[in-house]
Amino acid sequence: MEIYLKQGHTFPVPVTVADHLLGLANHDQLKVLLYLLCHADESLTAEIVAQKCKVQPEVVEEAIAFWQDANVLSGASELPAVHLQSAARQSQTSLSVQTPQPASNPASAGKIQNSSSQYALMPSEIAARIRENETIAAVFRSIEQLIGRMPNNTEMKSMIWMHEYLGLEPDLILMLAAYCVQFDCFHVRYMEKIAIEWQERGIVTHTLAEQDIRRRTESRSYTAQIMRMFEMKRQPTELQQSFIDGWQLKGWSMEMIQLAYEKTRNQTDDKLNFNYLNGILKKWESDGIRTISEALKQDDAYYAARKQKRDNNNKKTPAGSTNSSIDMDIVEKLMNPFGA
């Protein structure tokens with residue numbers, strides 16, 4: 001078979017990649033390597049490479065770790081950004097990534113690293129941790145059963161970071177993983193966010209972790225019901241979620257939120273408006289209204305008072321006259337208990 005290169009810029013690829021590593025590297029790892037080799041003289045960050053290769057930054061980090069461990073890229077620890085250099089475009093490249101040291105006690109240090117993305121731990125080191133620590137190995141075996149596959153290097157590095165850097169015990173890591181799998185959110189950054197919250201709030205025991213997971217589960221269930229009611233196709237924004245959390249904290253039932261939702265759409269051209277809906281609930285709270293019957297009774301009183309006001313105004317206005325000293329728009333605005 002004869003194959004000819006038609007045109008365009010070329011760059012060298014190590015022979016070992018084509019001869020020995022194609023069957024071991026996955027699609028994303030190959031994409032990342034090719035991009036790095038093509039731009040070997042440029043300063044790159046994981047975010048730039050991720051954007052160009054259409055992958056997540058943690059995928060770039062995992063790919064770099066893979067090629068380092070395969071001796072295709074060499075590692076150093078001086079620079080915070082990915083940096084590749086190639087003398088005369090040769091196949092041997094030099095890679096620099098930041099390698100911060102974990103704090104022995106993050107709480108006492110007063111500063112917590114906010115992710116494992118810069119935690120220098122290559123696949124060979126991860127394998128060593130698993131061989132040397134049977135507890136960690138057991139956690140990974142349990143997680144493999146939970147997710148139906150072996151955790152990848154990024155996920156394993158993240159969980160080792162939780163244990164070694166944040167001080168999270170293996171059984172708590174397993175509880176966290178099980179919670180995330182239950183709600184289809186087994187993602188490194190999401191898990192790390194919760195792990196950091198646990199460290200900051202002193203959730204270091206099985207009982208405390210169980211209580212926090214129960215709270216999070218109840219909150220997710222409440223939010224899911226709200227989303228179905230509002231016919232929301234996307235996850236709530238941060239502001240919307242703050243409203244929902246507030247309603248749950250105050251104990252508003254789904255029935256009351258449903259009524260407030262219907263009133264909101266009736267008053268806002270059939271659109272969902274969280275601010276307006278929250279105003280209705282705040283008004284009910286200030287008036288001591290907690291049930292559907294109490295809310296409907298208030299409505300009846302409001303509309304009866306509005307009708308009486310209009311009747312009185314009509315009596316004061318001479319027949320055939322269109323002049324009135326009362327602005328009915330202002331009257332309705334003042335009488336409307338929801339400020340519409």
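The values are calculated or read from the model by the stated rules, or taken from the named source; none is laboratory data. Source: prediction; values computed, not measured. Surface areas here come from the heavy atoms of the whole protein model, side chains and all, with no ligands, DNA or RNA. Shrake-Rupley method; radii C 1.70, N 1.55, O 1.52, S 1.80 Å.
Our coupling estimate for the stretch 225-230, obtained by passing each phi through the Karplus curve with A = 6.51, B = -1.76, C = 1.60 and θ = phi - 60°, is 5, 4, 4, 5, 4, 7 Hz, Gly and Pro reported as x.
When the residues Y179, Y302 are ordered by accessible surface, computed with a 1.4 Å probe over the protein chains alone, the sequence from largest down reads Y302, Y179. Taking all protein chains as shown and a probe of 1.4 angstrom, K193 keeps an accessible surface of around 130 Å². Cross-link pairs exceeding 32 Å between alpha carbons, from the set K52/K271; K193/K263; K271/K297: K52/K271; K193/K263.
Taking all protein chains together and a 1.4 Å probe, the residues R201, R306 rank R201, R306 from largest to smallest accessible area. In this structure H187 has an accessible area near 110 Å², from a 1.4 Å probe over the protein heavy atoms. In the assembled protein chains, E169 presents an accessible area of approximately 90 Å² (probe radius 1.4 Å).
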